Amino acid sequence: KYWPLFLLFFYVLSPIPYCISRRVVDDTDSASNACKELAIFLTTGIVISAFGLPIIFARAEVIAWGACALVLTGNVVIFGTILGFFLVFGSNDDFSWQQW
(Lines give C-alpha, C1' and ligand atoms only; values in the text may rest on other atoms or scores of the structure.)
Protein backbone atom coordinates (compact mmCIF):
# COMPACT_ATOMS: atom_id res chain seq x y z
CA LYS A 1 0.00 0.00 0.00
CA TYR A 2 1.26 3.43 -0.88
CA TRP A 3 -0.46 5.54 1.81
CA PRO A 4 2.63 6.00 4.03
CA LEU A 5 4.42 7.57 1.06
CA PHE A 6 2.44 10.76 1.73
CA LEU A 7 4.95 11.35 4.52
CA LEU A 8 7.55 12.25 1.91
CA PHE A 9 5.85 15.65 1.69
CA PHE A 10 6.49 16.17 5.41
CA TYR A 11 10.15 15.20 4.99
CA VAL A 12 10.59 17.78 2.25
CA LEU A 13 8.57 20.50 4.00
CA SER A 14 10.08 20.19 7.48
CA PRO A 15 13.35 22.12 6.98
CA ILE A 16 11.86 24.85 4.74
CA PRO A 17 10.47 27.23 7.44
CA TYR A 18 13.71 27.16 9.41
CA CYS A 19 15.83 27.71 6.29
CA ILE A 20 13.72 30.69 5.28
CA SER A 21 13.90 32.23 8.75
CA ARG A 22 17.69 31.76 8.85
CA ARG A 23 17.98 33.77 5.63
CA VAL A 24 15.64 36.53 6.83
CA VAL A 25 16.70 36.89 10.48
CA ASP A 26 19.98 38.39 11.64
CA ASP A 27 21.59 36.09 14.23
CA THR A 28 23.30 38.95 16.08
CA ASP A 29 20.06 39.80 17.90
CA SER A 30 20.17 38.05 21.27
CA ALA A 31 16.45 38.53 21.95
CA SER A 32 13.98 36.01 20.59
CA ASN A 33 12.65 36.87 17.19
CA ALA A 34 9.05 36.37 16.08
CA CYS A 35 10.07 35.11 12.63
CA LYS A 36 12.37 32.46 14.07
CA GLU A 37 9.78 31.40 16.64
CA LEU A 38 7.13 31.09 13.92
CA ALA A 39 9.51 28.94 11.86
CA ILE A 40 10.16 26.66 14.82
CA PHE A 41 6.41 26.45 15.49
CA LEU A 42 5.67 25.51 11.86
CA THR A 43 8.48 22.96 11.81
CA THR A 44 7.18 21.41 15.02
CA GLY A 45 3.69 21.20 13.53
CA ILE A 46 5.02 19.47 10.43
CA VAL A 47 7.03 16.96 12.47
CA ILE A 48 4.11 16.15 14.78
CA SER A 49 1.84 15.74 11.77
CA ALA A 50 4.33 13.31 10.25
CA PHE A 51 4.13 11.19 13.40
CA GLY A 52 0.34 11.50 13.67
CA LEU A 53 -0.62 10.61 10.11
CA PRO A 54 0.52 6.96 10.23
CA ILE A 55 -1.29 6.49 13.55
CA ILE A 56 -4.48 7.87 12.01
CA PHE A 57 -4.02 5.58 9.01
CA ALA A 58 -3.56 2.59 11.31
CA ARG A 59 -6.60 3.44 13.44
CA ALA A 60 -8.71 3.84 10.30
CA GLU A 61 -7.38 0.44 9.17
CA VAL A 62 -5.91 1.88 6.00
CA ILE A 63 -2.53 0.40 6.89
CA ALA A 64 -1.56 -2.35 9.33
CA TRP A 65 -0.12 -1.57 12.75
CA GLY A 66 3.17 -3.20 11.77
CA ALA A 67 3.47 -0.80 8.83
CA CYS A 68 2.67 2.05 11.20
CA ALA A 69 5.50 0.99 13.49
CA LEU A 70 7.92 0.82 10.57
CA VAL A 71 6.88 4.27 9.35
CA LEU A 72 7.28 5.75 12.86
CA THR A 73 10.75 4.20 13.12
CA GLY A 74 11.61 5.69 9.74
CA ASN A 75 10.34 9.08 10.96
CA VAL A 76 12.71 8.95 13.92
CA VAL A 77 15.64 8.17 11.61
CA ILE A 78 14.77 10.80 8.99
CA PHE A 79 14.01 13.62 11.42
CA GLY A 80 17.07 12.71 13.50
CA THR A 81 19.17 13.02 10.37
CA ILE A 82 17.64 16.40 9.51
CA LEU A 83 18.23 17.61 13.07
CA GLY A 84 21.82 16.38 12.99
CA PHE A 85 22.41 18.21 9.72
CA PHE A 86 21.20 21.50 11.16
CA LEU A 87 23.18 21.04 14.38
CA VAL A 88 26.43 20.33 12.52
CA PHE A 89 26.10 22.75 9.62
CA GLY A 90 23.78 25.35 11.16
CA SER A 91 26.37 27.57 12.81
CA ASN A 92 27.83 30.57 11.01
CA ASP A 93 31.43 29.49 10.71
CA ASP A 94 33.73 28.55 7.84
CA PHE A 95 32.23 25.04 7.70
CA SER A 96 28.66 26.19 7.05
CA TRP A 97 26.26 24.94 4.38
CA GLN A 98 24.89 28.49 3.98
CA GLN A 99 27.97 29.58 2.05
CA TRP A 100 27.19 27.22 -0.85
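The values are calculated or read from the model by the stated rules, or taken from the named source; none is laboratory data. Remember, it's a predicted structure, so these values are computed and weren't measured experimentally. Note that we place each Cβ from the backbone using ideal geometry, even for glycine, and neighbour counts take in every protein chain shown. The protein model used for the area step is the full one, side chains on, heavy atoms only, and it has no ligands, DNA or RNA in it. Shrake-Rupley method; radii C 1.70, N 1.55, O 1.52, S 1.80 Å.
General remarks:
- Rounded to the nearest 10 Å², the accessible area of residue 85 at probe 1.4 Å: 80
- Length gained when the stretch residue 19-residue 34 is fully extended (0.36 nm per residue, less Cα-Cα span): 3.9 nm
- Across segment 3-92, Cα-Cα distances exceeding 19 Å account for 46% of all pairs.
- Under the convention that each Lys and Arg Cβ holds +1 and each Asp and Glu Cβ holds -1, the size of the dipole of segment 1-88 around its Cα centre is about 280 debye.
- Full-extension gain in nm, residue 44 to residue 81, via 0.36 nm per residue minus C-alpha separation: 11.8 nm
- Extension gain, residue 65 to residue 89: 0.36 nm times the residue separation minus the Cα-Cα distance gives 5.1 nm.
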